1. Given that compact globular proteins tend to follow 2.2 N^0.38 Å, what is the ratio of the alpha-carbon Rg of region 260-337 to that value?
2. Full extension from D258 to K428: what is 0.36 nm times the residue separation minus their Cα-Cα distance, to one decimal in nm?
3. Simple spin-label model, 7 Å along Cα-to-Cβ: D241 to K401 in nm?
4. Which of V245, Q406, Q325 sits closest to the plus end of the dipole of the chain, meaning its Cα is farthest towards the positive end, when Lys and Arg get +1 and Asp and Glu get -1 on the C-beta?
5. At a 10 Å Cβ-Cβ cut-off, how would you order S171, S47, fewest neighbours first?
6. Relative to the present Cα-Cα distance, how much length would full extension add between A284 and D59 at 0.36 nm per residue of separation?
7. Take M69, M94, M228 and order them by how many other Cβ atoms sit within 10 Å, fewest up front.
8. Hey, can you rank 248-256, 59-67 by average C-beta count inside 10 Å, highest first?
Amino acid sequence: MTPWKKASSTASKTTKHRSDEDQITPPKKRVVKVKVIEHLPLARIASQPGRVYVFGTGDCAQLGLGEDMTVRKKPANLAALNDQHIVDIAAGGMHNMALTKEGKLWSWGVNDQRTLGRSGDEYTPHPVEGLDDIKVVKVACSDSLTVALTDLGHVYTWGTIRSAEGILGFSKETEVQALPTRVVGLKDIVDIATGTDHVLALDSTGSIYSWGNGQQMQLGRKILSRRMLNGLTPESVGAKDMARVGAGSYHSFAIDKDGKASAWGLNTYGQCGLDDAKVENIPAVAPIKALKNEHIVDIQGGEHHSIALTEDGRLFGFGRSDSHQLGLGYTELPGTEDSTSHKKAIRTPTLIADLPPIESISVGGNHTLALTRDGDVYAWGFGEMLACGNGVEEDVEKPLKLHGQQIEGAKVIKIAAGGQHSVILAVKP
């Protein structure tokens with residue numbers, strides 16, 4: 001997930017993309033059979049629809065409740081989507097996507113860099129344009145880019161990529177892409193993930209491709225500062241036999257078919273799981289040794305913290321902790337003091353205690369949501385923007401069960417944590 005920042009509007013450049021027929025034909029190579037990895041989390045659209053609820057701060061249209069409703073302390077129903085058969089949700093830094101049972105997308109939130117994939121009102125949900133004959137099965141939101149995975153294994157993106165200096169671009173030819181466009185060169189994709197300004201895509205053979213901004217090594221390859229636009233083209237990170245991808249704002253994750261997790265990218269707070277304050281960046285895919293005895297099924301990051309989910313429903317947190325992003329009840333390991341940084345961190349993956357078995361996680365910029373197998377939600381972390389849904393503008397030190405009059409008696413089926421807001425999908429009996 002991504003930290004929040006409102007970017008200035010920028011007009012997009014138009015360009016003509018080269019077709020497959022225009023590409024130079026490479027010399028013939030020896031054909032090598034690649035074994036498709038078994039038990040991959042092949043993206044399939046969910047069948048159970050629910051109602052969307054939002055909470056947190058929405059002064060930049062994140063809540064979708066209209067221009068006059070900019071704060072919700074507790075979950076509030078997004079009534080505009082009640083008849084749309086929503087089966088999945090995604091939250092970016094300041095925009096959101098809702099996926100229908102039919103594979104269509106609705107969007108709302110900041111549209112400065114065309115992240116909504118449409119024109120019109122930002123404060124209420126409307127359909128994404130240009131996907132009429134396309135069925136989306138998964139969607140992910142970065143800070144200024146949206147990524148959609150189709151049932152045919154194709155990837156569509158729109159918006160732009162930013163760097164520390166400002167807009168980097170959508171591609172070498174296009175600065176801002178207004179409507180969904182297919183990513184050339186990617187096929188048979190089964191999973192996607194986004195950081196603040198980078199994207200990961202996993203194909204059916206277990207290979208991972210990355211593109212975007214590589215200033216913090218989050219792409220798993222070296223990008224020269226004078227050739228930063230090269231990062232906008234998807235390239236393999238060199239990993240094999242992987243079964244899932246995940247991302248933090250400036251770091252990346254992969255899980256292999258045996259449940260072993262790896263990471264690369266920014267590690268200033270130990271958010272890559274490497275307990276070495278001297279290693280600020282991990283340039284290539286590296287196993288998280290501290291989790292080698294755990295079977296990991298999901299791993300995601302926020303701005304500078306990370307959460308890992310095990311097969312048996314336990315959570316491990318590591319990284320920055322000054323706003324209780326890890327939900328441990330403390331900001332440093334007892335008896336230790338991190339003198340290498342003015343910000344507190346827990347660099348060793350540490351079990352988050354006193355939680356029931358967890359089904360799924362969503363990590364926002366500086367807060368986290370966890371969905372239990374019984375359909376309850378726990379939240380913790382930075383609370384000033386009310387993104388934890390507890391109604392108090394204070395940090396939440398330990399996982400706190402989400403309550404609210406509008407979701408009383410409901411079973412939550414999906415969660416999405418954004419920059420300063422959160423979105424859930426729930427079903428009432």
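What follows draws every value from the coordinates through simple rules; no lab data is involved. Just so it is clear, the model here is predicted, and its values are computed rather than measured. So basically every Cβ, Gly included, is an ideal-geometry build from the backbone, and we count neighbours across all protein chains shown.
1. That works out to 1.05 for region 260-337.
2. Stretched fully, the D258-K428 segment lengthens by 57.6 nm.
3. 4.2 nm
4. It is V245.
5. On the way: S171 20, S47 7.
If I rank by nearby Cβ atoms, fewest first, I get S47, S171.
6. On the way: separation 225, 0.36 × 225 = 81.00 nm, distance 3.82 nm.
In short, 77.2 nm is gained.
7. M69, M228, M94
8. Final packing ranking: 248-256, 59-67.
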